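These notes concern the structure reproduced below.
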Amino acid sequence: MAARWTPAPLLSASAAVHGAAVLGTLAVPAAWPWAVGALVANHALLAGAGLWPSSHLLGPNLIRLPEAAVQRREIALTIDDGPDPAVTPRVLDLLDAAGVQASFFCIGRIAEQHPALCREIVQRGHRVENHGHAHSNAFSLFGPGAMRRDIQRAQATLSDITGQAPAFFRATAGLRNPFLDPVLHRLGLRLATWTRRAYDTRNGNPERVLQRLAAPLAAGDIVLAHDGHAARTPAGEPVLLAVLPRLLQTIRERQLRPVTLLQGTIDMPFPVAHSDHRP
Ligand SMILES: [Zn+2]
């Protein structure tokens, strides 16, 4: 059994604000405007934290590989929104040719449509991770039940198809709310975000995408790219396919070592964030 879930300090503080607002209003009814103001401010802070993908305020969040991985010059390529039969097989070939392993955050609903392709990702040495079942744009507005059902369904689908349980979860566009952390804790998943992204579902300019991903690339980086929902180049090619060969070349030139997220975090206690909290 995993360690008990411990709320992030912001969540504990928010619970305290709610309690104080209720008790304060009961004790001094005329204080209600203050109580409402405190609650509004608190909710704005919580919503802001959820719309900031790299925040730690709502709970643990892997943004960058840990120091031990940096020492080994590791980086992690993460490829989201697939599997896509028009793109993923060619991505797999490019990765194979470079001898590189990546983490694919697959959408459960899409994986159900292409189970063989999803299985092939794992058979070729990569990891399949959990990007939710529906990939809803409203994910960050979900309540705890809807959030759990969506993530649990993808976890079951991806585990059944590949024979491997995903170890990481990534929210749609990285957006979330305070209900996510306890759900992930219960499912034994770790939240993963990124250090480098190029908005390559909207930006089809390979030079710009490469510039954003490769120019600042350094040990410890987690790179976000898309095989599913990939923007097209002016020539009609999925932008990842235009960019990946040169990105892999940059990785070689800088003597960086691409690993899966699981490999890059091998020295971290599991689950990452609850290591400080013994039951
Ligand atoms: Zn996505």
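Check Q152, Q113, Q164 and return the single one that is of a type in the set (S, T, N, Q), over 24 Å from L95 (Cβ atoms), away from the ligand (no atom under 13 Å from the Cβ) and at pLDDT 95 or above. Going through Q152, Q113, Q164 in turn, the sole match is Q152. Note on the range 126-149: residues that are aliphatic (A, V, I, L, M), away from the ligand (no atom under 15 Å from the Cβ) and free of Cβ contacts under 8 Å to residues at least 12 places away in the same chain total 1. Criterion applied to A219, A225, A173 was being buried (at least 17 other Cβ atoms within 10 Å of the Cβ) and either in contact with a Gly (Cβ under 9 Å, 6 or more places away or on another chain) or closer than 30 Å to A156 by Cβ (or both), and the one residue passing it is A225. Consider the range 16-30 and keep the residues that are part of a helix (DSSP H, G or I) and exposed (fewer than 13 other Cβ atoms within 10 Å of the Cβ). The one that is nearest to the chain's Cα centre (by Cα) is A16.
Residue by residue, here is whether (1) β-branched (V, I, T); (2) at negative phi holds:
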site: R4; (1), (2): no, yes
site: P7; (1), (2): no, yes
site: L51; (1), (2): no, yes
site: V70; (1), (2): yes, yes
site: D81; (1), (2): no, no
site: V87; (1), (2): yes, yes
site: A98; (1), (2): no, yes
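Considering the range 171-192, the residues that are over 11 Å from G59 (Cα atoms) and touching a strand residue (DSSP E or B) at 6+ places or on another chain (Cβ under 7 Å) include one that is nearest to the ligand (Cβ to nearest atom), namely A192.
Table: residues versus (1) aromatic (F, W, Y); (2) farther than 24 Å from I151 by Cα; (3) away from the ligand (no atom under 16 Å from the Cβ).
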| position | (1), (2), (3) |
| --- | --- |
| F169 | yes, no, no |
| H226 | no, no, no |
| V243 | no, yes, yes |
| T260 | no, no, yes |
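Considering the range 124-233, the qualifying helices (runs of 4 or more DSSP H), each wholly inside and each with 2 or more residues that are under 15 Å from the mean Cα position of the chain (by Cα), run over 144-162, 180-187.
Mind listing just one residue for me: the one in the range 63-99 that is under 20 Å from P216 (Cβ atoms) and surrounded by fewer than 22 Cβ atoms within 10 Å (Cβ to Cβ) and, of those, farthest from the ligand (Cβ to nearest atom)? The residue in question is Q71. Scanning the range 123-139 turns up no residue that is farther than 21 Å from L92 by Cβ, of a type in the set (D, E, K, R), modelled with pLDDT of 95 or more and surrounded by fewer than 21 Cβ atoms within 10 Å (Cβ to Cβ). Among the residues of the range 31-55, just one is surrounded by fewer than 15 Cβ atoms within 10 Å (Cβ to Cβ) and of a type in the set (S, T, Y), namely S54.
Select from the range 228-241 the residues that are farther than 17 Å from L94 by Cα and within 16 Å of the ligand (Cβ to nearest atom) and list them in ascending order. Scanning the range 228-241 gives H229, A231.
Entry remark, the range 31-70: residues being of a type outside the set (S, T, Y) and in a loop (DSSP other than H, G, I, E, B) number 13 in total.
Can D84 be described as part of a helix (DSSP H, G or I) and either under 30 Å from R246 (Cα atoms) or among the polar types (S, T, N, Q) (or both)?
Spelling it out, it is not the case that D84 is part of a helix (DSSP H, G or I) and either under 30 Å from R246 (Cα atoms) or among the polar types (S, T, N, Q) (or both).
The values are calculated or read from the model by the stated rules, or taken from the named source; none is laboratory data. Just so it is clear, the structure is predicted and the values come from calculations on it, not from any experiment. Every residue, glycine as well, gets a Cβ built from its backbone with ideal geometry; the counts of neighbours run over all protein chains shown.
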